[in-house]
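The values are calculated or read from the model by the stated rules, or taken from the named source; none is laboratory data. The structure presented is a predicted model; accordingly, all values stated were derived computationally and were not measured. We place every Cβ from the backbone using ideal geometry, glycine too, and count neighbours over all the protein chains shown.
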Amino acid sequence: MTVTTTLNHQAGKRRNWAQYVFLAPTAIVLTLVVAAPLLYSVYLSFQTYIITYGMGDFAGFGNYQSVLADDFGSVSWVTLKLTFLCVTIEFFVAFGLALLLNQPHLPGRQFYLIILLTPILMTPVAIALMFRLMFNPSLGIVNWLIGGLGIPPQGWFGDPHLALGTVVFVDVWTETSMMLLMLYAGLKSMPMEPVEAARIDGANRFHILRYVVWPLMRPVIMVTLLIRMIAALKSYDLIYMLTQGGPGKETETISFYAYRLGFRFLDIGQAAAVSFILLIVVIALTLFLLRVMREN
Amino acid sequence: MKLGGLTTILALMLGTAAPALAAGDVCKGSDINILMETVPDTDALSSIKGEFEKAHDTKVNIEAVNYSLMHEKLVPSLTASTSSYDVLIVDSYWVGEFKTAGWIQDLDSLIARDKVDTSVYFPSLMALNGKVQGKTYMLPFWHYAMGILYRKDIVEDPAFQAAYKAEFKRDWRVPATLEEFDEVVKWSGKYKNMSGIAMAGQRSDPVVMEATNYLFGEGGDFYDRKTWKPTIASPEAVKAVSIYADLIRNAAQPGALGANFDDVANTLKQGKAIFAISYLFLYPTLQDPKDSTVVDKMMFAPVPGKDSFLGAWGWAIPSNAKNTGCSWEFIKWVESKDVAYKRAMAGGQPSQSWIYKDPAFIKKWPVMAQVGTALDHSKGLPIMSRSTQLVETFAEVMGSVLADNVAPKDALEASEGKFGALVKGDPLLK
C-alpha cells in the first residue's frame, strides 16, 4: 500500500515536472515578446524620456497628467465617435448582407461572396491610397460625379465637417467584409430546426428574425462586435494614410495621438502613457462585454 | 635621364592611380543605402548614380519615399547599434535634433584631409545645413526656397491688367506685401472664376512650411533668436496667421485643408489656380508637358513682405554608419562640381552658388535667376534640438485656427507655453 502510494506520488511529481518542461518554451517566448515589452512600456510611461535628450528622471504620474491635461480628451471623443459610427454601420450592413447571402436557393452566392470579401484581401494602405485618389478634390471621381448632380466640389478629407464622415465611409468599405464573414459563418452554423419550427407555427420573416435568429446568433454577434470594436478603438492605419489626424484634430484618434507623441514629438514617456491608458480602456471594455455575454 | 624620366612617369601613374584604388577599396563590398524624398533632386541623382557605382565597384540603393515617412524611418535606424542607412540627407529642421542626439558625425577632419572646398555653397545654406555650433556636420545638398508661383499668362493678359487697374487704381505689379497679396489673390480668383491660390493646409509639415512664409513675410518669428523667448503671439504673427486663414477660406482650391505640396502642384498643373506660395522645386514638374497644362505659363517671385522661409537638405554620415570611409567617398562624389552641375541641369536645386552664374543653366531653367534674391531674403527655422516638435506645435495652432475656427490671437497666445517648453534646457541654445 505504502509502496504503491510512493510510486504514484513519484509518477505524479514526474508528470508535474514534465508539464513545466513542455510549457517552458511557450512561457519563455510569451515572456520575451509580450510581457517584457509590456512591462518595459509601463516603466517608460513613468519616465521622462525624450529620444533627443535620452532617458531622463523618474516622472511619477507626470506623463499621465500631461497627456490627460493636453489632447487626450479630444482624441478620446474622436475615437469614440469613430468607433460608434463604424461599428454600428458596419454591423447593420454586414448583418443585412449575411442574411441575404443566407437565403436558400440564392443564385450566384459564391460570386457575391467573393466580391463582398474582396476588401479583406487588400492592404489598408492600398485602400487608403485608392480612396485618397477617388476623394481628391481636383482629380477625384467623387467630385466629378456629384458635379453631374450640380453639387459643388467638396474638400472631403480636408473639410472639418466632412473629414470624419469620409473616414467612416472608407472604414465601412474596408471592414464590413470581415464582419460579414463572421456573421455569415454564424448563420451557416446556426441550427435550422428552430427556424423551421417557427415557420410551421406561422411566424413571418420578421418574427423569425426577431425571436429565433437573433437570440441564436447573439453569441456570434457579441464576439463580432467585440473584435470589431477593439480594432476600431485602435484605429491608426487609415487615419495615418487618409488625414494624418487632420484637418486640425478632427480625425485624430488615441492611437494616432500616441504615434504622434512617440514618433513626431519623440516623447516616449508620454507616448507610453497614452498607449497604456488605451490598453486599460480596451481591457475594461472587453471584460464588460464578456460579462454581458455570460449574462446572456 | 631616360631612367629618371621613366621613374617620373611611373611615379605620376602611381600617384594618379593611388587615390582611385583607395577610393575603390574603401567601398568594395559595401552597398550605400540612402533614404530620400520623392522630389526632382532624387530623380536627378538616380539618373547618374551609376557613375559612382561603376567607379567604386559598389551599389547605391536609393529608397525614395514621401516626406512624411522619412523622419519616422530614420529615427529607429539612428538609435540602433548600426544604421540601415550609410548616408543621410538631413532636412534643415532636423539638424538640431540630430546633432543633440549625437546621430551625425563631425565632418571637419574629413573636409580638411581631402581639402573639400565649402566656399562653393551659398553662405545661408552652409549656416542652415552645414555648420552647427562652429562644426561642420553636413554639406548642403539642395534647397527648397519658396516663393510665389504664379500664372504669368493670366497676369500679363491686357484684359486682366486693365481690370486690375480699374480695381486697385494702379498698374499691375507682383504683390509687395502680404495684405496686397491677400487682396489680389482673392480678387483675381473671382475675376477669372477659378481658385485664386493653391494651398497646402494638411497637417503637419505642409501647413507649417507654407504658413511660416506668411509669418516671416510679416516680420514675425517663433522666438526672439537671442533670448529664445517665444514671440509666436506677436502682432505680426497674428496678422500672418489671419491672412493665411483668410486665403484658405476664401480663395484656395476645394480641400486645401487636406492638401500637401503634390496637391498644390496638381492644382497648378491642371490650370485651376492662379497663385501659390510654394516650393521652387515644383517648377520642373510644372514644365513637364506630359502632365502639365501650364508649360511656359508659370513664373516665380519672392514671397511678399520681409523674409521667406528657407529649407534645405544636407548630406551627413550617421554616427552608427557601417563604413564611414565609403559614405564620405559618396558625399565627396555627389558634391563634386561636375556631378552637382549634372544634377542641376537635370532639374535639381543646386546649393553651390557658382552654378547660378552658368549661362547654360539659367537658359535651361530661367526661373532660377530669381533664387539669389529669394535666398537673400529668407531664413530657416531656428536650429534647436526640438525643431521637429516646433513644427508639430505650430501645426496644432494652425489646425485650431483653420479647422476649429479659434481666433488666431487666442490660438497663438494659448501656444506660447508649449513653444517655451520646447526650448527649455536645450544645449544648442546656451
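Observations
- Hits in region A:161-218 (condition: within 14 Å of chain B (Cβ to nearest Cβ) and assigned to a helix (DSSP H, G or I)): A:Ala163, A:Leu164, A:Gly165, A:Thr166, A:Val167, A:Val170
- Only listed residue being among the acidic types (Asp, Glu) and either in contact with a Leu (Cβ under 6 Å, 6 or more places away or on another chain) or closer than 30 Å to A:Pro191 by Cα (or both), chosen from A:Asp237, A:Asp201: A:Asp201
- Within region A:117-143, if we keep just the residues that are out of contact with any helix residue (DSSP H, G or I) (no Cβ under 6 Å at 6 or more places or on another chain) and closer than 21 Å to A:Tyr184 by Cβ, the residue that is farthest from the other protein chains (Cβ to nearest Cβ) turns out to be A:Thr118.
- Enumeration of residues in region A:44-61 that are without any contact (Cβ under 8 Å) to a residue 40 or more places away in the chain and either more than 11 Å from every other protein chain (Cβ to nearest Cβ) or β-branched (Val, Ile, Thr) (or both): A:Met55, A:Asp57, A:Phe58, A:Gly60, A:Phe61
- The set of residues in region B:69-89 that are within 14 Å of chain A (Cβ to nearest Cβ) and more than 10 Å from B:Asn320 (Cβ to Cβ) comprises B:Leu69, B:Met70, B:His71, B:Glu72, B:Lys73, B:Leu74, B:Val75, B:Pro76.
- Assessment of region B:203-212 against the conditions (over 18 Å from B:Glu392 (Cα atoms), touching a residue at least 40 places away in the same chain (Cβ under 8 Å) and outside any loop (DSSP other than H, G, I, E, B)) yields no matching residue.
- Only one of B:Ser400, B:Ser387, B:Ser319 that is on the phi < 0 side of the Ramachandran plot, touching a Gly at 6+ places or on another chain (Cβ under 8 Å) and free of Cβ contacts under 8 Å to residues at least 60 places away in the same chain: B:Ser400
- Condition met for B:Glu218 (over 26 Å from B:Ser68 (Cα atoms), out of contact with any Ser or Thr (no Cβ under 8 Å at 6 or more places or on another chain) and surrounded by 24 or more Cβ atoms within 10 Å (Cβ to Cβ)): yes
- Filter result for B:Ala321 (in the same structural domain as B:Glu51 (by TED's automatic domain parsing) and modelled with pLDDT under 95): yes
- The residue that is surrounded by the fewest Cβ atoms within 10 Å (Cβ to Cβ), among those in region A:144-160 that are under 29 Å from A:Leu117 (Cβ atoms) and within 13 Å of another protein chain (Cβ to nearest Cβ), is A:Trp144.
- Evaluation of A:Phe135 against (1) closer than 30 Å to B:Lys424 by Cα; (2) in the same structural domain as A:Gln270 (by TED's automatic domain parsing) (one fails), failing number: (1)
- Test result for A:Thr174, surrounded by 19 or more Cβ atoms within 10 Å (Cβ to Cβ), within 20 Å of the chain's Cα centre (by Cα) and closer than 30 Å to B:Arg249 by Cβ: no
- Any hit, region B:255-273, residues being away from every other protein chain (no Cβ under 14 Å), touching a Gly at 6+ places or on another chain (Cβ under 9 Å) and at negative phi: no
- Every test in (1) of a type outside the set (Phe, Trp, Tyr); (2) on the phi < 0 side of the Ramachandran plot; (3) more than 20 Å from the chain's Cα centre (by Cα) is passed by A:Thr243 save one, and that test is (3).
- The set of residues in region B:380-406 that are within 23 Å of A:Ile51 (Cα to Cα), more than 9 Å from chain A (Cβ to nearest Cβ) and either of a type in the set (D, E, K, R) or in a loop (DSSP other than H, G, I, E, B) (or both) comprises B:Leu381, B:Pro382, B:Ile383, B:Met384.
- Single condition B:Leu268 does not satisfy, out of (1) touching a Pro at 6+ places or on another chain (Cβ under 7 Å); (2) crowded, with 21+ Cβ neighbours inside 10 Å: (1)
- Among residues of region B:381-430, those that are within 15 Å of A:Asp71 (Cα to Cα), among the small types (Gly, Ala, Ser) and surrounded by 23 or more Cβ atoms within 10 Å (Cβ to Cβ), counted: 3
- Residue list for region B:111-136, filter: more than 14 Å from every other protein chain (Cβ to nearest Cβ), of a type in the set (A, V, I, L, M, F, W, C) and either buried (at least 19 other Cβ atoms within 10 Å of the Cβ) or in a loop (DSSP other than H, G, I, E, B) (or both): B:Val116, B:Phe122, B:Leu125, B:Met126, B:Leu128
- For first residues located in region A:196-208 and within 19 Å of A:Arg218 (Cα to Cα), partners that are small (Gly, Ala, Ser) and lie 6+ apart or on another chain with Cβ distances below 6 Å form the pairs A:Ile208/A:Ala198.
- The number of residues in region A:281-296 being loosely packed, with under 13 Cβ neighbours inside 10 Å and closer than 22 Å to A:Thr79 by Cα comes to 4.
- Cross-chain or 6+ apart pairs with Cβ under 6 Å, region A:141-153 first and assigned by TED's automatic domain parsing to the domain that holds A:Phe131 and of a type in the set (A, V, I, L, M, F, W, C), then assigned to a helix (DSSP H, G or I) and modelled with pLDDT of 90 or more: A:Ile141/A:Met134; A:Val142/A:Met134
- Hits in region B:221-238 - residues which are assigned to a loop (DSSP other than H, G, I, E, B) and buried (at least 22 other Cβ atoms within 10 Å of the Cβ): B:Phe222, B:Ile232
- Any hit, region B:275-294, residues being surrounded by fewer than 22 Cβ atoms within 10 Å (Cβ to Cβ), touching a strand residue (DSSP E or B) at 6+ places or on another chain (Cβ under 6 Å) and within 11 Å of another protein chain (Cβ to nearest Cβ): no
- Total residues in region B:259-281, condition assigned to a loop (DSSP other than H, G, I, E, B) and under 13 Å from B:Asp205 (Cβ atoms): 2
- For region A:219-255, the set of residues classified as assigned to a helix (DSSP H, G or I), within 13 Å of chain B (Cβ to nearest Cβ) and among the hydroxyl-bearing types (Ser, Thr, Tyr) consists of A:Tyr240 only.
- Residue check, A:Ala258 within 18 Å of the chain's Cα centre (by Cα), over 24 Å from B:Ala245 (Cβ atoms) and either within 14 Å of chain B (Cβ to nearest Cβ) or not in a helix (DSSP H, G or I) (or both): yes
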